[in-house]
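Engineer: To start, I am sharing the structure in question, which I have written as structure tokens.
The values are calculated or read from the model by the stated rules, or taken from the named source; none is laboratory data. On a predicted model such as this, the values are computed, not experimentally measured, just so you know. Counting neighbours? That spans all protein chains shown, and the Cβs are built from the backbone with ideal geometry, glycine included.
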């Protein structure tokens, strides 16, 4: 944020000058201008007035807006243009311009620039020193703002890339058509996703160098690296994000949640189940409003990597947080169904009771859900002869 010079300018009040002659105006004209304070920034407060007697009487007054601009109409004539701050004492002024002529039907420009050397030289030495410090601070802030604007643009691009990653399968299907083979579809999906992950990694690798103390940039870099299966790099970047955020005065819970969750996914995909569970638990603890989301993602990822025991544990933890999310019961049942056996006498599926209960709860919550046909079929098979398509271990 740019710092604005305090309006001790009002203390620098010029003595009123003697009145000078002025012909009575015969028509109206316009006047406009910009007020710049001693730091070189717009002076977004105060008023500009027109006087014909050296500032004793203010004939026309116009407010200065937040951008430092003013405008208005006045009788044609020659005026002193006076700037006054909100707290300038009556009869005093902060700055002025002599002999500004307003012509009938014309719009006169009259800028008041308090950053000019003539004005600054009249300030007390202490205030001149303060002004120099403020100018340096503002220059640094402006430079920082340029970087921040650039980073924000990149973050918006990353957000869009993430949306594209999420919709990659649909995009692939549209590009290849409904007749595309599953192999081609998967290949096209992976191609689209990799392109987005590459974009994210490229942007964030650059931005983490521009602002290395910003945790969200490291978390996004890790996301891109994980998508490209650069798992070691992703772990390093996620840990960097967490170290930075935890060291801040007011850690942002969402960033802690996202970074821990991302770290958990990388651990899960690299076979480090215990580390993954600890990271997902940390995400849920750091960001309680999204705890169910993180734990559900944990169950999904363990399902994808084939760790059914961890999948069931994660689903159970998520159910404790959100017992009405149908998909959690499906994930739990999906993990437990692997433990089903076949009764050698009846050739029927024997489901673990927890699996049966989870599937029934799923159908109760989502009777028309996307997995309802699959779940209904498994439950039906548990009371009928095993279908040849169902693979389960035989009961010993």
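Engineer: Suppose we filter region 364-386 for residues that are surrounded by 15 or more Cβ atoms within 10 Å (Cβ to Cβ) and under 38 Å from the mean Cα position of the chain (by Cα); how many remain?
Structural biologist: 5
Engineer: Same structure, new question: Could you list all residues from region 94-118 that are out of contact with any strand residue (DSSP E or B) (no Cβ under 6 Å at 6 or more places or on another chain) and in a loop (DSSP other than H, G, I, E, B)?
Structural biologist: Residues satisfying the conditions are 105, 116.
Engineer: Continuing with the same structure: Select, from 135, 59, the only residue that is out of contact with any helix residue (DSSP H, G or I) (no Cβ under 7 Å at 6 or more places or on another chain), surrounded by 15 or more Cβ atoms within 10 Å (Cβ to Cβ) and at pLDDT below 90.
Structural biologist: 135
Engineer: Could you please give the count of residues in region 271-305 that are on the phi > 0 side of the Ramachandran plot and in a helix (DSSP H, G or I)?
Structural biologist: Summing the residues that are on the phi > 0 side of the Ramachandran plot and in a helix (DSSP H, G or I) in region 271-305 gives 0.
Engineer: Right, something else. Just wondering, is there one or more residues in region 34-46 that are at pLDDT 90 or above, farther than 29 Å from residue 127 by Cβ, in contact with a strand residue (DSSP E or B) (Cβ under 8 Å, 6 or more places away or on another chain) and surrounded by 17 or more Cβ atoms within 10 Å (Cβ to Cβ)?
Structural biologist: No: zero hits.
Engineer: With the condition kept exactly as written, say whether any residue in region 303-317 is over 30 Å from residue 270 (Cβ atoms), out of contact with any strand residue (DSSP E or B) (no Cβ under 8 Å at 6 or more places or on another chain) and touching a residue at least 24 places away in the same chain (Cβ under 8 Å).
Structural biologist: No: zero hits.
Engineer: Which of the residues belonging to region 317-341 are assigned to a helix (DSSP H, G or I) and within 32 Å of the chain's Cα centre (by Cα)? Working first, answer last.
Structural biologist: Initially, region 317-341 is screened for residues assigned to a helix (DSSP H, G or I), giving 317-321, 326-339.
Those that are assigned to a helix (DSSP H, G or I) and within 32 Å of the chain's Cα centre (by Cα): 317, 318, 319, 320, 321, 326, 327, 328, 331.
Engineer: If you don't mind, another one. Hey, any hits in region 273-281 for a residue that's crowded, with 24+ Cβ neighbours inside 10 Å, touching a residue at least 24 places away in the same chain (Cβ under 8 Å) and within 19 Å of the chain's Cα centre (by Cα)?
Structural biologist: no
Engineer: How many residues are within 19 Å of the chain's Cα centre (by Cα) and buried (at least 23 other Cβ atoms within 10 Å of the Cβ) if we restrict to region 216-241?
Structural biologist: 11
Engineer: Would region 104-113 turn up any residue that is in the same structural domain as residue 33 (by TED's automatic domain parsing), in contact (Cβ under 8 Å) with a residue 60 or more places away in the chain and surrounded by 20 or more Cβ atoms within 10 Å (Cβ to Cβ)?
Structural biologist: Yes.
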